[in-house]
Every structure is written in structure tokens, then in C-alpha cells.
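Undergrad: The structure is given below, and queries will be raised subsequently.
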């Protein structure tokens, strides 16, 4: 009965979505799934914290830098709740656009049976965007006779621009998981906040859908003697959609303690034009675990015709705060991707 309820909630959750803009996306979402889904908050038996930095198209005017940091912990007598804090920052070099958001996160765990658990998550906070509109050039600043440019504009649009805006943002997610597998879905910007920079305009921040999964398969159990002990084969997939933009990442990795190495294929399954590419990049990643720390690095190699972008680089660091409690009940699990302490 509980499993039927979970499937009903998941299908209902996806079917009501009508989504439209683009949020920061991380190649290493599997190491920091909190960036995708608030339901991952509190899934470890101890506190957990981490940071990831993404540099997209470096050494170019199109460069975009993004950071995401989080900290969370299980709460309650049975540790069936999770509390967390997340911070996101994104900067565009050419436009001087900057976006910062700070959210509080709450999650609640329900045991379905001995192996499977359902966790629901809610995330809410304030976002702040600012833009240097002094860099914009309006028509009345250009002298058509000699081509000179004046420093000010009388255009009503220029005079009504706000350089800074703030907004309330609400997201939710659910997660069905066991010791070796997880299936999740999240929906960001439920309230579709107004992110217009002009006083009387309304530009809703379109909802962001993510459906994701991961699975860890032990090669020790397959009796493949040429693999070292404690070797796992890992699989992951993540489908995202926001407005007309969509993306599907599919990847695999080999986990042989303390290393993980693998590759993701970033695809565009629903091209919007004849110039769209099905495969947009191949993303190579690796991580190393040192005690309670996991260090990760990834490089996205462009496969489209966009030109030489110098790729996309990501650096991540996660840390398990404290040791596992041997007396804690077994309804909180370690994440199969780099969280096996």
C-alpha cells in the first residue's frame, strides 16, 4: 500500500508541471545531490557539508562562475527529520550580472519497509539579483550624424530599471531510496517569483523540474576476480527541464576505494531547431576519498558546434561531520556516490 502511495505521489508530482529560464546546473550533481533536490537533506546519520565551484567557458567573455555550498544534519529522537542551509552564487563576467540565494531546508523521512524509505523535502529562501545597467547602450545615446555616444539616456526604460531585485523562492522534492539505489524528483520555484528589473513588469521565474536516479552495483558479488575488493559499478541519470530548455545526463563510473572515475554524456533529447545537437558534451570526472573528506574534479568537453569554449571545470569538496553512530537505527543510508565512509 505504501509503495502504491509513493508511485502515485511521484506521478502526480511530475504530471502537474508546466515549466519554462535556466538555473545553475552542476556536472557533479551526484556528489552534491542537495543542489538538485531538498529531499537529500539529512540522509546521512551524521552532519554533512560541502562546496562546489563551477567555471564555465573560462578565459572568455562568456565566462560564468557558480558556487554552491550546503550544510545539513539529521534531527529528532529517531533522526527522521533533516535541517539544512544552502547558498548559491552565480556571476557573469561580460554582463556583470550576479545572482545570490540563501535557503533553509527541511526534510522528513518515512520508512516504507526494511529496505526502502521515502523522504520529502521543502526548501525556501530569498534570492537577490543585480545587474550593471550602466553598461547598456540606448538609441538616444547615439548621435547618427557622427556616431558619437553620450553618457546618459532619457529612454523611459533606462530610467525605470532597478539595478537590484530580491524575491522569495520556494522549492520541493521527494526521494525514494535504499542502500544501493535512489529515485528522486524536485520542482524549484513553485511560487514563480517575479524577477523583472523594471518596476511595473512581471517576469516569472519559470519552474525547474529534475527527475534523477542512481544505482550502485557491487562487482565483488559478480565474482569478477580481476577487480580489486570493494569495487562498485555506479550508474546515474538526471533529466531536467525549464521552459523550452531540456537536458538528460547519463553516466557511469567505477568506484574502487578510495577513487571514483567515470564519464557522463550530456544530451539534448528534444532539440528546438535543426542546429540542435543530441550530444552536447562528454563530462569526465574523478574523486578521491580521504577519511571523511571527498575531493572531486570534472571537465566537460564540448562536442557541439559552439566553438572553442575551453570547456567547463568543476571542483568539489564534501565532508562528513563526525563519525557514524553504531546505535543509530538503519533508516538513514550512505550515498552510493562517494559517501561510503
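Undergrad: Tell me, 305, 79, 257 in order of fewest to most beta-carbon neighbours within 10 Å?
TA: Least crowded to most crowded, the residues run 305, 257, 79.
Undergrad: Extension gain residue 61-residue 313, at 0.36 nm per residue separation less the Cα-Cα distance, in nm?
TA: Between residue 61 and residue 313, full extension yields 89.1 nm more.
Undergrad: Now a separate question. Cut-off is 10 Å between beta-carbons; in what order do 71, 32, 87 appear when sorted fewest neighbours first?
TA: Ascending number of Cβ neighbours within 10 Å: 87, 71, 32.
A short reminder: the numbers here are calculations on the coordinates, not readings from a lab. Source: prediction; values computed, not measured. All Cβ positions, even for glycine, are placed from backbone atoms using ideal geometry, and neighbour counts span all protein chains on display.
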